[in-house]
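Enquirer: Sending over a structure as structure tokens; questions will come in a sec.
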Ligand code: 13P
């Protein structure tokens, strides 16, 4: 078993309520339980904006971190009805932020908008979880690599701090479908992403690359054998403390 730091990041999406603090609490306690506290892991829960401040205040001594799931691209305040900026999210207790999720790209979020969101979030000292991934049509047309390259080049900049960006590779066809990539394909894709990223940043440091899409407590055993992966972005299974904890437990089995 590897000794590298591994990320287990929950993306609650538009689910959850104040009473679901019990999920956060259980995961927080688990993270520091005698058997798992020594594991080199980072657990982050990205919850809906309205829950951030409440959860942050209630959690007390935290062994996990909170994250947001998106922000407006404008760095300051302004006439943007219904929007929140990175600064507001930071003051609500979020330390991480998911940007470029395919569910937002599909609503029309462009590369340049995502780039502005990244700039604004980095400025507010967030760690950015930058999502990329090909659609089923892209995959069928064998365009996976060119799409990933375009997504990376379209929104990342060599001026960005490499250490403040985590890439989450989430093939759109694997989100919520119970379909996962073949192990050898996933390894190849993760290697490609790392290579492409290093080229852009002109760095020799390997970026962190996570996998997301239908991760559960059964298939995590397969993923745990892929040393190139730095962790996981977990959707529906993160809305249950048991399912999420079982993923972490099974990862370290
Ligand atoms: P699922 O784990 O529900 O497939 O969602 C993945 C995801 O979109 C995480 O950001």
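The values are calculated or read from the model by the stated rules, or taken from the named source; none is laboratory data. On a predicted model such as this, the values are computed, not experimentally measured, just so you know. Here Cβ is always computed from backbone atoms with ideal geometry, including for glycine, and neighbour counts include all displayed protein chains.
Enquirer: Would you confirm, using the coordinates I've provided, whether residue 172 is out of contact with any strand residue (DSSP E or B) (no Cβ under 8 Å at 6 or more places or on another chain), within 16 Å of the ligand (Cβ to nearest atom) and within 24 Å of residue 111 (Cβ to Cβ)?
Expert: Spelling it out, residue 172 is indeed out of contact with any strand residue (DSSP E or B) (no Cβ under 8 Å at 6 or more places or on another chain), within 16 Å of the ligand (Cβ to nearest atom) and within 24 Å of residue 111 (Cβ to Cβ).
Enquirer: Given the structure, is residue 224 more than 15 Å from the ligand (Cβ to nearest atom) and buried (at least 21 other Cβ atoms within 10 Å of the Cβ)?
Expert: So residue 224 fails the test.
Enquirer: Counting just the residues of region 123-142 that are surrounded by fewer than 17 Cβ atoms within 10 Å (Cβ to Cβ), more than 16 Å from the ligand (Cβ to nearest atom) and under 21 Å from residue 179 (Cα atoms), which one comes out nearest to the chain's Cα centre (by Cα)?
Expert: Top of the filtered list is 137.
Enquirer: In this structure, does residue 177 turn out to be touching a helix residue (DSSP H, G or I) at 6+ places or on another chain (Cβ under 6 Å) and either on the phi < 0 side of the Ramachandran plot or away from the ligand (no atom under 14 Å from the Cβ) (or both)?
Expert: Here the answer is no, as residue 177 does not meet what is asked.
Enquirer: Hey, residue 211 hits all of (1) more than 16 Å from the ligand (Cβ to nearest atom); (2) buried (at least 19 other Cβ atoms within 10 Å of the Cβ) but one; which does it fall short on?
Expert: (1)
Enquirer: Exactly one condition in (1) more than 16 Å from the ligand (Cβ to nearest atom); (2) under 25 Å from residue 45 (Cα atoms) is false for residue 151; which is it?
Expert: Unmet for residue 151, out of (1) more than 16 Å from the ligand (Cβ to nearest atom); (2) under 25 Å from residue 45 (Cα atoms): (1).
Enquirer: Same structure, new question: Within the bounds of region 160-181, is there any residue that is at pLDDT below 95 and within 16 Å of the chain's Cα centre (by Cα)?
Expert: Yes, the conditions are met somewhere in region 160-181.
Enquirer: I've got another one for you. Only one of (1) within 19 Å of residue 68 (Cα to Cα); (2) in contact with a strand residue (DSSP E or B) (Cβ under 6 Å, 6 or more places away or on another chain); (3) more than 14 Å from the ligand (Cβ to nearest atom) is not met by residue 166, so which one is it?
Expert: (3)
Enquirer: Here's a follow-up. Consider residue 38 carefully, then state whether it is surrounded by fewer than 19 Cβ atoms within 10 Å (Cβ to Cβ), modelled with pLDDT under 95 and out of contact with any helix residue (DSSP H, G or I) (no Cβ under 7 Å at 6 or more places or on another chain).
Expert: Answer is yes for this residue.
Enquirer: Now a separate question. Looking at 41, 90 in this structure, which one is more than 13 Å from the ligand (Cβ to nearest atom), touching a strand residue (DSSP E or B) at 6+ places or on another chain (Cβ under 6 Å) and either under 14 Å from residue 121 (Cβ atoms) or touching a residue at least 40 places away in the same chain (Cβ under 8 Å) (or both)?
Expert: 41 is the lone residue from the list that is more than 13 Å from the ligand (Cβ to nearest atom), touching a strand residue (DSSP E or B) at 6+ places or on another chain (Cβ under 6 Å) and either under 14 Å from residue 121 (Cβ atoms) or touching a residue at least 40 places away in the same chain (Cβ under 8 Å) (or both).
Enquirer: Same structure, new question: Please state which one of 83, 135 is in contact with a helix residue (DSSP H, G or I) (Cβ under 6 Å, 6 or more places away or on another chain) and without any contact (Cβ under 8 Å) to a residue 40 or more places away in the chain.
Expert: Matching residue, one of 83, 135: 135.
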